[in-house]
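Chemist: Sharing a structure below in structure tokens format, with a few things to ask.
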Amino acid sequence: MALGGCQSLQQRLKQQLDPDPPVALEKTGDLLPPAGLRVLSTGSRSIALAWEPVLVGDVAGYAVLRSRSGGGEYALAGRTRSRFDTIFTDHGPGDDPLGDGETVGYRVLAIDDAGSVSNGHAHISATTDPRPEPPSGLHAYSNLPRKVVLGWDPAESPDVAGYGVLRSPTLAGPWHRVATLRGRLTTVHTDPVPGDLRVLYYRLVSFNAFDAESEMTGPIRAVTKAEPLPPTRLQVSERRIGRIVLAWTANVERDLDGYRVYRTSRGPRGWRRERLIASPGAHETAFADTAVGCAELVRYRLRAVDSDGLQSGFSLPLEATGERLGLEVRVRGDGVAVLHWDPARTQPWPRAEISEIRSVLPDRWLGEVGGTGPFALDKLGSGAHRVGVSLTERRQPGARIRPRQTPRCELDVDIGNASAP
């Protein structure tokens with residue numbers, strides 16, 4: 001048994017090292033043709049054949065001939081290398097593989113050591129698997145923020161290697177592939193969509209390992225989530241020194257996260273850069289801007305934001321002017337210039353601080369009085385000056401925190417020639 005095993009090993013090594021003798025199809029010998037030729041299986045562009053071994057004669061293997069035309073022209077498709085090597089899988093020539101759903105004819109002949117073939121043959125025809133079936137159960141999850149999620153049932157055929165996702169802005173097409181998904185069980189895809197309230201249509205194809213595609217599925221429709229509506233009826237509901245209160249109508253979206261308040265102000269060279277100043281919650285419809293300068297021209301715009309972060313467009317702009325104090329200078333009988341302002345505009349501030357505004361030196365504090373004034377400018381010498389008035393909270397004894405103040409209102413004063421502005 002050991003000797004037979006060595007001989008068998010030597011024969012196998014010889015077969016691996018020595019090239020096959022050429023098959024002489026035109027030269028027939030005395031070998032019997034194989035019997036029992038049958039199709040073992042078909043697959044994507046492949047056919048597996050099997051037959052019974054020829055037990056009589058010097059059989060060195062079998063030749064498999066293939067015909068791919070209706071005229072019956074056969075060519076060598078391959079060969080096996082021993083009497084009992086009776087299975088052959090055909091994929092077609094390397095540069096011309098079998099097609100999908102292609103019917104092929106076969107003949108199988110026995111071969112002897114000299115390359116002669118049997119004087120008869122077994123014959124059969126077989127068909128490769130057709131193109132994959134399109135997937136079923138395609139459905140879409142709509143109303144998602146700037147995306148569409150697709151799902152479908154996995155293909156039943158194990159030959160399916162994956163799926164192609166096609167998208168079109170219209171039902172009539174054109175259809176463009178937006179994703180290629182590998183794996184038969186990959187049945188979910190998220191398609192990012194750059195836009196809100198976008199209507200899109202989707203179809204799928206299956207493909208096999210050779211990238212042969214199925215027919216397209218029927219189209220389905222999907223819609224991305226709409227952004228919130230811009231806030232409406234933006235208005236000024238209250239205006240005081242250093243304070244403008246805005247109000248607007250509540251949005252109707254159920255998943256509203258809140259609002260964004262933007263402001264810009266008018267400077268000597270035009271409107272300054274707009275910036276975000278507040279983010280009121282979804283149930284708030286008012287905002288108090290406490291950083292408005294005296295007589296400052298400001299412009300407001302609002303946006304609504306939902307829970308997914310989608311923002312509305314801007315509301316219509318609203319321009320407003322900060323309240324003035326009504327500053328003026330009157331000269332008393334003793335010739336002292338006295339600064340006056342409108343007491344009705346100082347509520348609810350109980351105190352007023354007055355300073356001289358200087359362009360080079362630091363501002364000089366002149367004093368403070370009750371919020372309704374007036375204030376004598378007896379510390380200023382003759383000439384042109386600029387004074388400012390800030391309304392302030394009452395100082396608490398021992399308090400370390402500086403009391404709150406309004407923005408400063410300013411007025412140019414010419415001491416010695418003071419008159420009402």
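Every number here is computed from the coordinates shown, using simple stated rules; none is lab data. From a predicted model like this one, the values you see are computed outputs, not experimental measurements. Please note: Cβ atoms are built from the backbone with ideal geometry, for glycine as well, and neighbour counts cover all protein chains shown.
Chemist: Tell me, Y74, Y300 in order of fewest to most beta-carbon neighbours within 10 Å?
Modeler: The fewest-first ordering by Cβ neighbours comes to Y74, Y300.
Chemist: Turning to a different aspect of this structure: Using mean Cβ contacts within 10 Å as the protection proxy, how do 278-288, 143-153, 107-117 order, highest first? Before the final figure, lay out the partial values.
Modeler: On the way: 278-288: 14.2, 143-153: 16.1, 107-117: 21.2.
Output ranking for 278-288, 143-153, 107-117: 107-117, 143-153, 278-288.
Chemist: Here is a further query. Amide H neighbours of V23 under 5 Å, counting only residues 5+ apart in sequence or on other chains, H built in-plane at 1.01 Å?
Modeler: Amide H neighbours of V23: none.
Chemist: Going by alpha carbons, how many degrees (0 to 90, nearest 10) lie between the helix axis of 2-17 and the longest principal axis of the chain?
Modeler: 70 degrees
Chemist: I've got another one for you. Fewest Cβ neighbours within 10 Å first, please rank W51, W175 accordingly.
Modeler: W175, W51
Chemist: From the phi angles alone, apply the Karplus equation (6.51, -1.76, 1.60; θ = phi - 60°) to region 143-152 and give each ³J(HN,Hα) in whole Hz, x where the residue is Gly or Pro.
Modeler: Taking θ as phi minus 60°, the curve returns 6, 9, x, 6, 6, 10, 9, 10, x, 7 Hz for region 143-152.
Chemist: Out of residues 5 or more away from A278 or on other chains, whose amide H comes under 5 Å of its own, with H placed 1.01 Å from N in the peptide plane?
Modeler: Residues meeting the criterion, in which the H sits 1.01 Å from N, are V261.
Chemist: Can you give the FRET efficiency for R402 and D153, using 1/(1 + (r/R0)^6), R0 = 60 Å, r = Cβ-Cβ distance, to the nearest 0.05?
Modeler: Values: r = 70 Å, r/R0 = 1.17.
So the FRET efficiency works out to roughly 0.30.
Chemist: Taking 8 Å as the Cα distance limit and 6 or more residues as the minimum spacing, I'd like the relative contact order of the chain as a percentage.
Modeler: The normalised contact order for the chain reaches 9 percent.
Chemist: Mind ranking 301-309, 182-190 by how tightly packed they are, going by the mean number of other C-beta atoms within 10 angstrom, highest first?
Modeler: Working: 301-309: 18.6, 182-190: 13.0.
The most tightly packed comes first, giving 301-309, 182-190.
Chemist: What FRET efficiency, computed as 1/(1 + (r/R0)^6) with R0 = 30 Å and r the Cβ-Cβ distance, is obtained for Q311 and A172, rounded to the nearest 0.05?
Modeler: Once rounded, the FRET efficiency stands at 0.40.
Chemist: Separate question: What does the charge count around A48 come to, taking other residues whose C-beta lies under 11 Å from its C-beta (Lys +1, Arg +1, Asp -1, Glu -1)? Walk me through the numbers before you get to the answer.
Modeler: Values: positive: R38; negative: D90.
After counting each charged neighbour, the total is 0.
Chemist: Can you tell me the relative contact order of region 139-223? Whole percent, Cα pairs under 8 Å, sequence separation 6 or more.
Modeler: With pairs under 8 Å counted, the relative contact order is 36 percent.
Chemist: Also, quick follow-up: Okay, which of region 226-257 sit inside 15 Å, backbone N to the point 7 Å along the Cα-Cβ direction of A286?
Modeler: Zone members listed by number: 234-240, 243-250.
Chemist: Relative contact order for region 267-421: what percent, with Cα pairs under 8 Å and sequence separation of 6 or more? Before the final figure, lay out each step's value.
Modeler: On the way: 260 pairs, mean separation 31.3, N = 155.
Relative contact order for region 267-421 comes out at 20 percent.
Chemist: Follow-up. Using Cβ contacts closer than 10 Å as the measure, can you line up E26, E52, E227 from fewest to most? Walk me through the intermediate numbers first.
Modeler: Working: E26 7, E52 12, E227 22.
So the residues, fewest neighbours to most, are E26, E52, E227.
Chemist: Show the residues, 5+ positions off or on another chain, whose built amide H is closer than 5 Å to the amide H of V413.
Modeler: Close amide H contacts, sequence-distant or interchain: H385, R386, V387.
Chemist: May I ask you to evaluate 6.51 cos²θ - 1.76 cosθ + 1.60, the Karplus curve with θ = phi - 60°, for each residue of region 207-220 and list the ³J(HN,Hα) values in order in whole Hz, giving x for glycine and proline?
Modeler: Listing the rounded values in order: 9, 9, 5, 9, 6, 6, 9, 7, 5, 6, 5, x, x, 10 Hz.
Chemist: Only loop residues by DSSP count here, and only those with at most 13 other Cβ atoms within 10 Å; note down the trypsin sites (Lys or Arg not before Pro) in region 28-85 that meet that. Can you show the working numbers first?
Modeler: Numbers: sites: R38, R45, R66, R68, R79, R81, R83; in loops: R45, R68, R81, R83.
Of the trypsin sites (Lys or Arg not before Pro), the ones in loops of region 28-85 whose Cβ has at most 13 other Cβ atoms within 10 Å are R81.
Chemist: Is it possible to state the helix-based mean residue ellipticity at 222 nm for the chain, with each DSSP H run of 4+ residues giving -39500 (n - 2.57), the sum divided by total residues, to the nearest 500 deg cm²/dmol? What is it?
Modeler: Details: 1 runs with 16 residues, N = 421.
Calculated from helices alone, the mean residue ellipticity at 222 nm is -1500 deg cm²/dmol.
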